[in-house]
Amino acid sequence: MTSKKKRKKLFTEKTAGYYLVAPAMILIFLIAIWPVLQSFYFSLFDLKLNNPTKSEVHLSYDIDLERYLNNYPFLIGAIDNEIKNGNGAKELQPIKDQLQSLDKKIHSKSDISSKYDSVNDKLMNFEQVSSDLSIVEINRTMAKEYENTSEIIDNKIQKLSLKVKFSQEKKLLGLASGYGDALIQPNFIGFQHYKENLTSSRMWKAIGNTTTFTIISVFVELVLGLAIALLINKAFIGRGLIRASILIPWAIPTAVSALMWKFLYDGQNGIVAKIFADIGLVDKMEKLLVTDTGAMFSVIFSDVWKTTPYMSLLLLAGLQTIPDSLYEAASIDGAGKWKQFMKITLPLLKSSILVALLFRTLDAFRVFDLIYVLTGGGPANSTETISILAYKVMFSQTNFGDGSALSVIVFICVAIISMIYIKFLGRDLLNDR
(Lines give C-alpha, C1' and ligand atoms only; values in the text may rest on other atoms or scores of the structure.)
Protein backbone atom coordinates (compact mmCIF):
# COMPACT_ATOMS: atom_id res chain seq x y z
CA MET A 1 0.00 0.00 0.00
CA THR A 2 2.84 2.32 0.90
CA SER A 3 4.67 1.65 -2.37
CA LYS A 4 1.51 2.41 -4.34
CA LYS A 5 1.14 5.74 -2.58
CA LYS A 6 4.78 6.59 -3.27
CA ARG A 7 4.40 5.74 -6.96
CA LYS A 8 1.21 7.79 -7.16
CA LYS A 9 2.95 10.70 -5.50
CA LEU A 10 5.94 10.46 -7.88
CA PHE A 11 3.61 10.25 -10.86
CA THR A 12 1.74 13.32 -9.67
CA GLU A 13 4.98 15.28 -9.16
CA LYS A 14 6.30 14.20 -12.56
CA THR A 15 3.05 15.20 -14.25
CA ALA A 16 3.06 18.55 -12.49
CA GLY A 17 6.64 19.08 -13.65
CA TYR A 18 5.67 18.43 -17.27
CA TYR A 19 2.78 20.88 -16.99
CA LEU A 20 5.11 23.54 -15.59
CA VAL A 21 7.69 23.02 -18.35
CA ALA A 22 5.12 22.75 -21.17
CA PRO A 23 4.57 26.53 -21.72
CA ALA A 24 8.31 27.12 -22.02
CA MET A 25 8.71 24.19 -24.44
CA ILE A 26 5.82 25.43 -26.57
CA LEU A 27 7.36 28.91 -26.64
CA ILE A 28 10.77 27.52 -27.61
CA PHE A 29 9.15 25.48 -30.40
CA LEU A 30 7.28 28.49 -31.79
CA ILE A 31 10.21 30.92 -31.58
CA ALA A 32 13.23 28.68 -32.30
CA ILE A 33 12.26 25.33 -33.82
CA TRP A 34 9.34 26.24 -36.07
CA PRO A 35 11.19 28.95 -38.08
CA VAL A 36 14.04 26.50 -38.71
CA LEU A 37 11.63 23.80 -39.89
CA GLN A 38 9.90 26.32 -42.14
CA SER A 39 13.24 27.48 -43.57
CA PHE A 40 14.19 23.87 -44.24
CA TYR A 41 10.88 23.32 -46.06
CA PHE A 42 11.37 26.41 -48.24
CA SER A 43 14.94 25.36 -49.02
CA LEU A 44 13.60 22.31 -50.84
CA PHE A 45 11.95 24.53 -53.47
CA ASP A 46 13.20 26.85 -56.18
CA LEU A 47 11.60 29.98 -54.71
CA LYS A 48 12.44 33.26 -56.44
CA LEU A 49 10.34 36.23 -55.45
CA ASN A 50 11.21 38.15 -58.63
CA ASN A 51 9.77 35.35 -60.79
CA PRO A 52 5.93 35.19 -60.75
CA THR A 53 5.92 31.49 -61.61
CA LYS A 54 8.31 30.67 -58.71
CA SER A 55 7.18 33.12 -56.06
CA GLU A 56 5.18 30.42 -54.23
CA VAL A 57 5.53 26.74 -53.44
CA HIS A 58 4.08 24.62 -56.25
CA LEU A 59 3.84 20.86 -55.98
CA SER A 60 1.72 20.37 -59.10
CA TYR A 61 1.41 21.72 -62.64
CA ASP A 62 -0.78 24.83 -62.76
CA ILE A 63 -1.83 27.39 -65.31
CA ASP A 64 -2.34 31.05 -64.54
CA LEU A 65 -5.58 31.88 -66.36
CA GLU A 66 -5.11 35.61 -65.85
CA ARG A 67 -1.71 35.57 -67.51
CA TYR A 68 -2.96 33.16 -70.17
CA LEU A 69 -6.01 35.26 -71.11
CA ASN A 70 -3.91 38.41 -71.10
CA ASN A 71 -1.76 36.79 -73.79
CA TYR A 72 -3.73 34.28 -75.87
CA PRO A 73 -6.46 36.58 -77.35
CA PHE A 74 -3.91 39.24 -78.27
CA LEU A 75 -1.57 36.64 -79.81
CA ILE A 76 -4.44 35.29 -81.95
CA GLY A 77 -5.37 38.87 -82.89
CA ALA A 78 -1.80 39.69 -83.90
CA ILE A 79 -1.61 36.54 -86.03
CA ASP A 80 -4.97 37.35 -87.68
CA ASN A 81 -3.76 40.84 -88.45
CA GLU A 82 -0.62 39.54 -90.17
CA ILE A 83 -2.64 36.96 -92.12
CA LYS A 84 -5.03 39.68 -93.38
CA ASN A 85 -2.06 41.76 -94.48
CA GLY A 86 -0.69 38.77 -96.37
CA ASN A 87 2.40 38.40 -94.24
CA GLY A 88 3.30 34.71 -93.99
CA ALA A 89 -0.30 33.50 -94.13
CA LYS A 90 0.62 29.91 -95.03
CA GLU A 91 2.98 29.57 -92.09
CA LEU A 92 0.89 31.51 -89.54
CA GLN A 93 -2.39 29.71 -90.19
CA PRO A 94 -1.16 26.33 -88.79
CA ILE A 95 0.21 28.17 -85.75
CA LYS A 96 -3.18 29.76 -85.17
CA ASP A 97 -4.94 26.42 -85.51
CA GLN A 98 -2.56 24.82 -83.04
CA LEU A 99 -3.15 27.59 -80.49
CA GLN A 100 -6.93 27.37 -80.86
CA SER A 101 -6.87 23.58 -80.55
CA LEU A 102 -4.95 23.79 -77.26
CA ASP A 103 -7.27 26.55 -76.01
CA LYS A 104 -10.29 24.32 -76.63
CA LYS A 105 -8.70 21.53 -74.60
CA ILE A 106 -8.05 23.91 -71.71
CA HIS A 107 -11.52 25.43 -71.85
CA SER A 108 -13.29 22.08 -72.23
CA LYS A 109 -11.98 20.67 -68.94
CA SER A 110 -14.86 20.66 -66.47
CA ASP A 111 -12.76 21.85 -63.51
CA ILE A 112 -11.30 24.74 -65.54
CA SER A 113 -14.22 25.88 -67.70
CA SER A 114 -16.10 27.88 -65.05
CA LYS A 115 -12.96 29.60 -63.78
CA TYR A 116 -11.88 30.27 -67.36
CA ASP A 117 -15.13 32.14 -68.08
CA SER A 118 -15.05 33.98 -64.73
CA VAL A 119 -11.49 35.21 -65.21
CA ASN A 120 -12.26 36.23 -68.79
CA ASP A 121 -15.31 38.24 -67.67
CA LYS A 122 -13.33 39.99 -64.94
CA LEU A 123 -10.57 40.92 -67.36
CA MET A 124 -13.09 42.23 -69.85
CA ASN A 125 -14.59 44.43 -67.10
CA PHE A 126 -11.13 45.49 -65.87
CA GLU A 127 -11.72 43.86 -62.47
CA GLN A 128 -9.03 42.43 -60.21
CA VAL A 129 -8.55 38.65 -60.37
CA SER A 130 -7.64 36.77 -57.21
CA SER A 131 -4.96 34.07 -57.28
CA ASP A 132 -7.44 31.48 -55.98
CA LEU A 133 -9.56 32.00 -59.08
CA SER A 134 -6.71 32.48 -61.53
CA ILE A 135 -4.46 29.52 -60.64
CA VAL A 136 -5.89 26.14 -61.72
CA GLU A 137 -4.26 22.73 -61.61
CA ILE A 138 -3.69 20.73 -64.79
CA ASN A 139 -2.35 17.24 -65.36
CA ARG A 140 1.18 16.46 -66.45
CA THR A 141 0.12 15.51 -70.00
CA MET A 142 -1.57 18.84 -70.67
CA ALA A 143 1.30 20.71 -69.05
CA LYS A 144 3.85 19.04 -71.33
CA GLU A 145 1.65 19.72 -74.35
CA TYR A 146 1.36 23.38 -73.37
CA GLU A 147 5.12 23.64 -72.83
CA ASN A 148 5.95 21.99 -76.16
CA THR A 149 3.39 24.10 -78.03
CA SER A 150 4.82 27.27 -76.50
CA GLU A 151 8.38 26.40 -77.52
CA ILE A 152 7.40 25.31 -81.04
CA ILE A 153 5.31 28.42 -81.72
CA ASP A 154 7.97 30.77 -80.34
CA ASN A 155 10.69 29.16 -82.49
CA LYS A 156 8.52 29.15 -85.62
CA ILE A 157 7.55 32.81 -85.34
CA GLN A 158 11.16 33.84 -84.63
CA LYS A 159 12.39 31.96 -87.71
CA LEU A 160 9.54 33.31 -89.79
CA SER A 161 10.36 36.90 -88.76
CA LEU A 162 13.74 36.51 -90.48
CA LYS A 163 12.00 35.78 -93.78
CA VAL A 164 8.81 37.82 -93.59
CA LYS A 165 8.40 41.52 -92.84
CA PHE A 166 5.67 41.63 -90.18
CA SER A 167 3.71 44.86 -89.71
CA GLN A 168 3.78 44.44 -85.91
CA GLU A 169 6.90 42.35 -85.49
CA LYS A 170 7.81 43.38 -81.92
CA LYS A 171 4.27 42.81 -80.66
CA LEU A 172 4.01 39.39 -82.29
CA LEU A 173 7.42 38.23 -81.07
CA GLY A 174 6.73 39.48 -77.55
CA LEU A 175 3.36 37.74 -77.32
CA ALA A 176 4.81 34.52 -78.71
CA SER A 177 7.69 34.46 -76.20
CA GLY A 178 5.35 35.32 -73.30
CA TYR A 179 2.78 32.65 -74.15
CA GLY A 180 4.58 29.99 -72.11
CA ASP A 181 4.79 32.17 -68.98
CA ALA A 182 1.25 31.17 -67.99
CA LEU A 183 2.44 27.63 -67.22
CA ILE A 184 3.50 27.11 -63.62
CA GLN A 185 5.63 24.00 -63.10
CA PRO A 186 6.42 22.28 -59.79
CA ASN A 187 9.40 23.98 -58.17
CA PHE A 188 10.36 21.19 -55.78
CA ILE A 189 14.08 20.52 -56.25
CA GLY A 190 14.92 18.57 -53.08
CA PHE A 191 18.45 19.09 -51.76
CA GLN A 192 19.71 20.85 -54.90
CA HIS A 193 20.36 24.13 -53.05
CA TYR A 194 22.45 22.32 -50.43
CA LYS A 195 24.45 20.52 -53.14
CA GLU A 196 25.16 23.81 -54.92
CA ASN A 197 26.12 25.62 -51.72
CA LEU A 198 28.37 22.84 -50.44
CA THR A 199 30.29 22.96 -53.73
CA SER A 200 30.34 26.76 -53.86
CA SER A 201 33.68 28.44 -53.18
CA ARG A 202 31.87 31.60 -52.10
CA MET A 203 30.01 29.82 -49.30
CA TRP A 204 33.15 28.13 -48.01
CA LYS A 205 34.98 31.45 -48.13
CA ALA A 206 32.13 33.01 -46.14
CA ILE A 207 32.37 30.21 -43.55
CA GLY A 208 36.14 30.72 -43.44
CA ASN A 209 35.70 34.46 -42.85
CA THR A 210 33.12 33.73 -40.15
CA THR A 211 35.39 31.21 -38.43
CA THR A 212 38.38 33.56 -38.54
CA PHE A 213 36.34 36.42 -37.13
CA THR A 214 34.83 34.20 -34.41
CA ILE A 215 38.05 32.56 -33.19
CA ILE A 216 40.17 35.72 -33.07
CA SER A 217 37.53 38.04 -31.62
CA VAL A 218 36.31 35.58 -28.96
CA PHE A 219 39.87 34.72 -27.87
CA VAL A 220 40.90 38.36 -27.52
CA GLU A 221 37.64 39.18 -25.75
CA LEU A 222 38.16 36.29 -23.32
CA VAL A 223 41.69 37.41 -22.40
CA LEU A 224 40.80 41.10 -22.07
CA GLY A 225 37.47 40.34 -20.41
CA LEU A 226 39.11 38.11 -17.80
CA ALA A 227 41.74 40.75 -17.08
CA ILE A 228 39.08 43.44 -16.68
CA ALA A 229 36.92 41.16 -14.51
CA LEU A 230 39.85 40.43 -12.19
CA LEU A 231 40.57 44.15 -11.95
CA ILE A 232 37.05 45.37 -11.18
CA ASN A 233 36.53 42.48 -8.75
CA LYS A 234 39.06 44.09 -6.41
CA ALA A 235 38.00 46.67 -3.85
CA PHE A 236 39.17 50.21 -4.70
CA ILE A 237 37.82 53.74 -4.64
CA GLY A 238 35.43 54.45 -7.53
CA ARG A 239 34.88 50.79 -8.37
CA GLY A 240 31.15 51.32 -9.00
CA LEU A 241 31.84 54.15 -11.46
CA ILE A 242 34.46 52.09 -13.29
CA ARG A 243 32.07 49.12 -13.58
CA ALA A 244 29.32 51.35 -15.00
CA SER A 245 31.63 53.10 -17.50
CA ILE A 246 33.04 49.80 -18.78
CA LEU A 247 29.56 48.75 -19.91
CA ILE A 248 29.05 51.83 -22.12
CA PRO A 249 30.48 50.27 -25.33
CA TRP A 250 28.30 47.20 -24.89
CA ALA A 251 25.19 49.35 -24.29
CA ILE A 252 25.59 51.19 -27.61
CA PRO A 253 23.43 49.61 -30.39
CA THR A 254 25.60 47.59 -32.77
CA ALA A 255 24.52 49.49 -35.90
CA VAL A 256 25.35 52.82 -34.24
CA SER A 257 28.67 51.46 -33.02
CA ALA A 258 29.56 50.16 -36.50
CA LEU A 259 28.71 53.49 -38.11
CA MET A 260 30.81 55.30 -35.52
CA TRP A 261 33.81 53.07 -36.23
CA LYS A 262 33.27 53.54 -39.96
CA PHE A 263 33.87 57.25 -39.47
CA LEU A 264 36.88 56.54 -37.24
CA TYR A 265 38.35 54.23 -39.91
CA ASP A 266 37.78 56.74 -42.72
CA GLY A 267 40.81 56.98 -44.98
CA GLN A 268 40.81 60.78 -45.05
CA ASN A 269 39.44 62.02 -41.74
CA GLY A 270 39.40 58.97 -39.44
CA ILE A 271 41.37 59.55 -36.23
CA VAL A 272 41.80 55.83 -35.55
CA ALA A 273 43.04 55.26 -39.12
CA LYS A 274 45.53 58.10 -38.59
CA ILE A 275 46.79 56.56 -35.32
CA PHE A 276 47.18 53.12 -36.92
CA ALA A 277 49.09 54.64 -39.83
CA ASP A 278 51.38 56.59 -37.46
CA ILE A 279 52.28 53.53 -35.38
CA GLY A 280 52.84 51.42 -38.52
CA LEU A 281 49.88 49.02 -38.41
CA VAL A 282 48.95 50.13 -41.94
CA ASP A 283 50.97 51.78 -44.68
CA LYS A 284 48.35 54.40 -45.46
CA MET A 285 45.13 55.50 -43.76
CA GLU A 286 42.96 54.62 -46.76
CA LYS A 287 44.19 51.01 -46.80
CA LEU A 288 42.42 50.13 -43.57
CA LEU A 289 39.03 49.36 -45.15
CA VAL A 290 40.08 48.67 -48.76
CA THR A 291 42.40 45.69 -48.20
CA ASP A 292 41.45 42.16 -47.15
CA THR A 293 43.62 42.05 -44.02
CA GLY A 294 42.87 45.64 -43.04
CA ALA A 295 39.11 45.18 -43.33
CA MET A 296 39.12 41.95 -41.29
CA PHE A 297 41.31 43.58 -38.63
CA SER A 298 38.95 46.57 -38.52
CA VAL A 299 35.79 44.52 -37.92
CA ILE A 300 37.51 42.35 -35.29
CA PHE A 301 38.89 45.42 -33.48
CA SER A 302 35.43 47.02 -33.47
CA ASP A 303 33.80 43.84 -32.16
CA VAL A 304 36.40 43.45 -29.41
CA TRP A 305 35.84 47.06 -28.31
CA LYS A 306 32.09 46.56 -28.12
CA THR A 307 31.68 43.07 -26.62
CA THR A 308 34.66 42.75 -24.25
CA PRO A 309 32.59 44.46 -21.50
CA TYR A 310 29.92 41.77 -21.93
CA MET A 311 32.53 39.05 -21.51
CA SER A 312 33.98 40.75 -18.42
CA LEU A 313 30.50 41.11 -16.91
CA LEU A 314 29.83 37.37 -17.22
CA LEU A 315 33.23 36.48 -15.77
CA LEU A 316 32.81 39.00 -12.94
CA ALA A 317 29.63 37.21 -11.89
CA GLY A 318 31.61 33.96 -11.69
CA LEU A 319 34.47 35.56 -9.72
CA GLN A 320 32.07 36.84 -7.09
CA THR A 321 30.91 33.29 -6.33
CA ILE A 322 34.44 32.20 -5.28
CA PRO A 323 34.81 32.44 -1.47
CA ASP A 324 37.57 34.73 -0.20
CA SER A 325 38.44 32.11 2.41
CA LEU A 326 40.01 29.94 -0.30
CA TYR A 327 42.47 32.68 -1.23
CA GLU A 328 43.24 33.34 2.44
CA ALA A 329 43.96 29.66 3.06
CA ALA A 330 46.15 29.47 -0.04
CA SER A 331 48.05 32.59 1.02
CA ILE A 332 48.70 31.07 4.46
CA ASP A 333 50.03 27.95 2.77
CA GLY A 334 52.47 30.10 0.83
CA ALA A 335 50.81 30.13 -2.58
CA GLY A 336 51.54 33.23 -4.68
CA LYS A 337 49.10 35.23 -6.79
CA TRP A 338 49.85 33.28 -9.97
CA LYS A 339 49.46 29.91 -8.24
CA GLN A 340 46.20 31.08 -6.65
CA PHE A 341 44.98 32.12 -10.08
CA MET A 342 45.90 28.76 -11.67
CA LYS A 343 44.77 26.49 -8.81
CA ILE A 344 41.71 28.34 -7.49
CA THR A 345 40.42 31.02 -9.87
CA LEU A 346 40.55 29.14 -13.20
CA PRO A 347 39.13 25.80 -11.97
CA LEU A 348 36.26 27.45 -10.08
CA LEU A 349 35.68 29.86 -12.96
CA LYS A 350 35.33 27.04 -15.51
CA SER A 351 31.52 27.15 -15.57
CA SER A 352 31.43 30.91 -16.03
CA ILE A 353 34.08 30.75 -18.76
CA LEU A 354 32.04 28.09 -20.55
CA VAL A 355 28.89 30.18 -20.45
CA ALA A 356 30.75 33.30 -21.60
CA LEU A 357 32.51 31.45 -24.41
CA LEU A 358 29.33 29.73 -25.53
CA PHE A 359 27.30 32.94 -25.68
CA ARG A 360 30.03 34.94 -27.38
CA THR A 361 30.98 32.22 -29.87
CA LEU A 362 27.39 31.77 -30.99
CA ASP A 363 26.87 35.52 -31.16
CA ALA A 364 30.11 36.06 -33.10
CA PHE A 365 29.37 33.25 -35.55
CA ARG A 366 25.99 34.82 -36.35
CA VAL A 367 27.48 38.31 -36.73
CA PHE A 368 25.64 40.44 -39.26
CA ASP A 369 24.88 44.05 -38.38
CA LEU A 370 28.41 45.08 -37.38
CA ILE A 371 30.04 43.89 -40.61
CA TYR A 372 27.07 44.84 -42.81
CA VAL A 373 27.23 48.47 -41.69
CA LEU A 374 31.02 48.69 -41.47
CA THR A 375 32.20 46.98 -44.67
CA GLY A 376 29.11 45.42 -46.28
CA GLY A 377 31.12 42.20 -46.61
CA GLY A 378 33.81 43.82 -48.76
CA PRO A 379 36.27 44.45 -50.14
CA ALA A 380 35.82 41.62 -52.67
CA ASN A 381 33.83 39.57 -50.13
CA SER A 382 36.86 39.40 -47.80
CA THR A 383 34.69 40.09 -44.72
CA GLU A 384 31.51 38.45 -46.01
CA THR A 385 30.20 36.12 -43.30
CA ILE A 386 27.72 33.28 -43.80
CA SER A 387 24.90 35.43 -42.35
CA ILE A 388 25.62 38.29 -44.74
CA LEU A 389 25.77 35.85 -47.66
CA ALA A 390 22.38 34.42 -46.65
CA TYR A 391 20.96 37.95 -46.45
CA LYS A 392 22.29 38.93 -49.88
CA VAL A 393 20.97 35.78 -51.53
CA MET A 394 17.57 35.94 -49.86
CA PHE A 395 16.80 39.66 -50.02
CA SER A 396 19.14 41.28 -52.54
CA GLN A 397 18.83 38.49 -55.11
CA THR A 398 15.31 37.53 -53.87
CA ASN A 399 16.33 33.87 -54.12
CA PHE A 400 14.26 32.76 -51.16
CA GLY A 401 14.89 29.03 -51.56
CA ASP A 402 18.67 29.29 -51.69
CA GLY A 403 18.67 31.85 -48.88
CA SER A 404 16.61 29.49 -46.72
CA ALA A 405 19.14 26.72 -47.38
CA LEU A 406 21.95 29.01 -46.21
CA SER A 407 19.94 29.86 -43.10
CA VAL A 408 19.61 26.16 -42.30
CA ILE A 409 23.36 25.75 -42.79
CA VAL A 410 23.95 28.56 -40.28
CA PHE A 411 21.66 26.79 -37.82
CA ILE A 412 23.53 23.50 -38.29
CA CYS A 413 26.89 25.23 -37.69
CA VAL A 414 25.56 26.89 -34.53
CA ALA A 415 24.19 23.55 -33.30
CA ILE A 416 27.57 21.87 -33.91
CA ILE A 417 29.36 24.63 -31.98
CA SER A 418 26.95 24.20 -29.07
CA MET A 419 27.46 20.42 -29.00
CA ILE A 420 31.24 20.83 -29.05
CA TYR A 421 31.16 23.18 -26.08
CA ILE A 422 28.82 20.93 -24.12
CA LYS A 423 30.79 17.78 -24.92
CA PHE A 424 34.34 18.93 -24.24
CA LEU A 425 33.94 21.81 -21.80
CA GLY A 426 30.62 21.64 -20.06
CA ARG A 427 29.53 18.06 -19.62
CA ASP A 428 29.52 18.53 -15.86
CA LEU A 429 27.01 21.39 -16.19
CA LEU A 430 24.41 19.15 -17.76
CA ASN A 431 24.99 16.03 -15.69
CA ASP A 432 21.54 14.81 -14.70
CA ARG A 433 22.96 12.45 -12.14
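For the stretch 116-225, lysine pairs separated by 8 or more sequence positions, or belonging to different chains, with Cα-Cα distances below 21 Å total 8.
Averaged per residue, the chain has 58 square angstrom of accessible surface, using a 1.4 angstrom probe with ligands and nucleic acids left out.
Ignoring any ligand, DNA or RNA, what whole percent of the accessible area of the chain comes from carbon and sulfur when the probe is 1.4 angstrom? Intermediate results must be reported in sequence, preceding the final value.
Values: 15580 of 25080 Å².
For the chain, the apolar C and S fraction of the accessible surface comes to 62 percent.
Among rounded, prolate and oblate, which fits the stretch 223-325 when a ≥ b ≥ c are the square roots of the eigenvalues of its C-alpha gyration tensor, a/c under 1.5 means rounded, and a/b larger than b/c means prolate? Taking the square roots of the gyration eigenvalues as a ≥ b ≥ c, the stretch 223-325 is prolate.
Taking every protein chain into account, the 1.4 Å probe leaves GLU66 with about 60 Å² of accessible area, to the nearest ten.
Apply 1/(1 + (r/R0)^6) to the Cβ-Cβ distance of LEU230 and VAL36, taking R0 = 30 Å, and write down the FRET efficiency to the nearest 0.05.
Working: r = 39 Å, r/R0 = 1.30.
That pair, LEU230 with VAL36, gives E of 0.15.
Rounded to 0.05, the FRET efficiency of the ILE252 and ILE332 pair, given R0 = 51 Å and the Cβ-Cβ distance, is 0.70.
Ranked by the mean number of other Cβ atoms within 10 Å per residue, highest first, peptides 229-235, 216-222 order as 216-222, 229-235. Looking at the square roots a ≥ b ≥ c of the eigenvalues of the Cα gyration tensor of the stretch 99-193, which shape do they give, rounded for a/c under 1.5, prolate if a/b is larger than b/c, or oblate? Oblate, because a/c is 1.5 or more while a/b does not exceed b/c. To the nearest ten degrees, helix 34-43 and the longest principal axis of the Cα atoms of the chain are 40 degrees apart.
Helix 2-28 and the longest principal axis of the C-alpha atoms of the chain enclose an angle of approximately 60°. Karplus-based coupling profile of the stretch 90-101, in residue order and whole Hz: 5, 7, 7, 4, x, 5, 5, 4, 5, 5, 5, 5, with θ = phi - 60° in 6.51 cos²θ - 1.76 cosθ + 1.60 and x standing for Gly or Pro.
Taking a ≥ b ≥ c as the square roots of the Cα gyration tensor eigenvalues, the stretch 288-410 comes out prolate, since a/c reaches at least 1.5 and a/b is larger than b/c. In this structure, the amide hydrogen of ILE184, modeled 1.01 Å from its nitrogen in the peptide plane, lies closer than 5 angstrom to those of ASP62, ILE63, ASP64, counting only residues at least 5 positions away or on a different chain.
One decimal place: the segment ASP121-LYS423 gains 102.1 nm when fully extended, by the rule 0.36 nm per residue minus the C-alpha distance.
The values are calculated or read from the model by the stated rules, or taken from the named source; none is laboratory data. A quick note: this is a predicted structure, and the numbers were derived from the prediction, not measured. Glycine gets a Cβ as well: all are built from the backbone with ideal geometry, and neighbour counts include every protein chain shown. These accessible areas exclude ligands, DNA and RNA; they are computed on the full protein's heavy atoms, side chains included. Shrake-Rupley method; radii C 1.70, N 1.55, O 1.52, S 1.80 Å.
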